[in-house]
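Input: a single structure, listed below in structure tokens.
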Amino acid sequence: MIYNNIKRNVNNIVNVKNIVTISYVNGATVNISGNIPATYRVQFFDKRKNIIHFETEIKNNCWAKCNIEYFVDWNIKVWDGDTLFYEENFDASTKRVYIALSSKALGDTLAWFPYVEEFGKVHNCKMVTSTFHNDMLQKQYPNIEFVNPGDVVENLYAMYSLGLFYTADGNINLYKNPSDPKTQTMQKMGSDILGLEYKEIKPKLNKKNLKKEKLVTIAIHGTAQAKYWNNPTGWQEVIDWLKGRGYRVRLLSKEQSGYMGNFEPKGIEKHPWGPLELVMDEMEKSQAFIGIGSGLSWLSWSLDVPTVLISGFSYDWAEMQDCIRISTPKGKCEGCFNRLRLDAGDWNWCPDHKRTERQFECTTSITSEMVIKELEKFL
């Protein structure tokens, strides 16, 4: 009898109420545990848009999840019939939030990383992050916990991933990207996923404030031929103009001359293979950097070096705004990267004019005179 009374009392304590727990790791998940039989209606409400993204019914010891994985300012309600059983607003204050950068690309990392710190400021939370370039960022952000990609991270309130995500059928994954990222600037792609107001923010790097030399640095290589300056005489004519005015020109690209059929201009110095810190030193010493839509252009921009960006495969709003942009002349084909999905497996991807005389027209039509005209303004 004593045992039965104890058992009955314990059951009464356990059965007082089912328990609701909510996680915001890769989407909002509601779990209802307990042994009181019941059916609950769960609502995932977006306070900013004033809409319900998802609503469903679950029983005790079941869970429900909204497919949206980007940031939403959630208000989650659990109803027991017409009675509000539980309600919770997203509140990351003082809690641990993990933001993972999915891309290995240097440019993507430099473009998106500033919003990790910004998210922490806005929500007053403890930031945890993973990038493929932790070494160049970690010392500059002592208040952020850095982990390696793929590491297990414990005790998280929320988690988000930054990247350009596609579904299996090749469409933009609108559960991970709130809008088509190809139609946004690179940085806005990151701020949109994290629900932050967009403003251009440069990452903090270890700048040495080295003395300027009569030097211009360049980078001619990229990860697809569409990114290159495909005017066959463009680079050489710009180098000749710079050399004629007494400038040294140093090539920072690590690829060898002839890489994928792209040869170095004459009269340049070739930066030797080495750590990225030495590349940054050369940039800091230079009067200007001239590049294409690649990571080294983002690195120059991050270091506050005057950056001349030559690109036609993207629209003139697509990369950083604090630069000297040399874009495709009016009337020529341009912006395929912001209109279509890049086929990374096709080096000569040119979706509009491949194998025609107009292939890579976006940059073959950019002349050396267009570049020199801009250089004359500040060199």
Subject >> Residue that is surrounded by the most Cβ atoms within 10 Å (Cβ to Cβ), among those in region 124-163 that are under 16 Å from the mean Cα position of the chain (by Cα) and in a loop (DSSP other than H, G, I, E, B) >> reply: T131
**OP:** Within region 30-57, count every residue that is of a type in the set (A, V, I, L, M, F, W, C) and either exposed (fewer than 13 other Cβ atoms within 10 Å of the Cβ) or within 16 Å of K17 (Cβ to Cβ) (or both).
**Re:** 5
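Hey, could you check region 238-257 for residues that are in contact with an Asp or Glu (Cβ under 8 Å, 6 or more places away or on another chain) and outside any strand (DSSP E or B) and say which is modelled with the lowest pLDDT?
Going residue by residue through region 238-257, those that are in contact with an Asp or Glu (Cβ under 8 Å, 6 or more places away or on another chain) are 248-252, 257.
Still in the running and outside any strand (DSSP E or B): 252, 257.
Values: L252: 98, S257: 95.
Top of the filtered list is S257.
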Original post:
Can you tell which of E264, E255 is crowded, with 18+ Cβ neighbours inside 10 Å, of a type in the set (D, E), under 30 Å from P329 (Cα atoms) and in contact with a strand residue (DSSP E or B) (Cβ under 9 Å, 6 or more places away or on another chain)?
Top reply: E264
Original post:
Inside region 107-123, can you point out the residues that are surrounded by fewer than 20 Cβ atoms within 10 Å (Cβ to Cβ) and aliphatic (A, V, I, L, M)?
Top reply: V122
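Checking the conditions here, which among T233, T183 is in contact (Cβ under 8 Å) with a residue 60 or more places away in the chain, of a type in the set (V, I, T) and closer than 30 Å to V249 by Cα?
Values: T183 fails: closer than 30 Å to V249 by Cα.
Of T233, T183, the one residue that is in contact (Cβ under 8 Å) with a residue 60 or more places away in the chain, of a type in the set (V, I, T) and closer than 30 Å to V249 by Cα is T233.
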Original post:
Would it be correct to say that D352 is in contact with an Asp or Glu (Cβ under 9 Å, 6 or more places away or on another chain) and closer than 30 Å to K212 by Cβ?
Top reply: no
**OP:** Considering only region 366-379, state which residues are out of contact with any Asp or Glu (no Cβ under 9 Å at 6 or more places or on another chain) and either farther than 29 Å from D240 by Cα or of a type outside the set (A, V, I, L, M, F, W, C) (or both).
**Re:** K373, E374, E376, K377
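The values are calculated or read from the model by the stated rules, or taken from the named source; none is laboratory data. Every value quoted in this text rests on a predicted model; they were computed, and no experiment measured them. For neighbour counting, all protein chains shown are included, and Cβ atoms are generated from backbone atoms with ideal geometry for every residue, glycine included.
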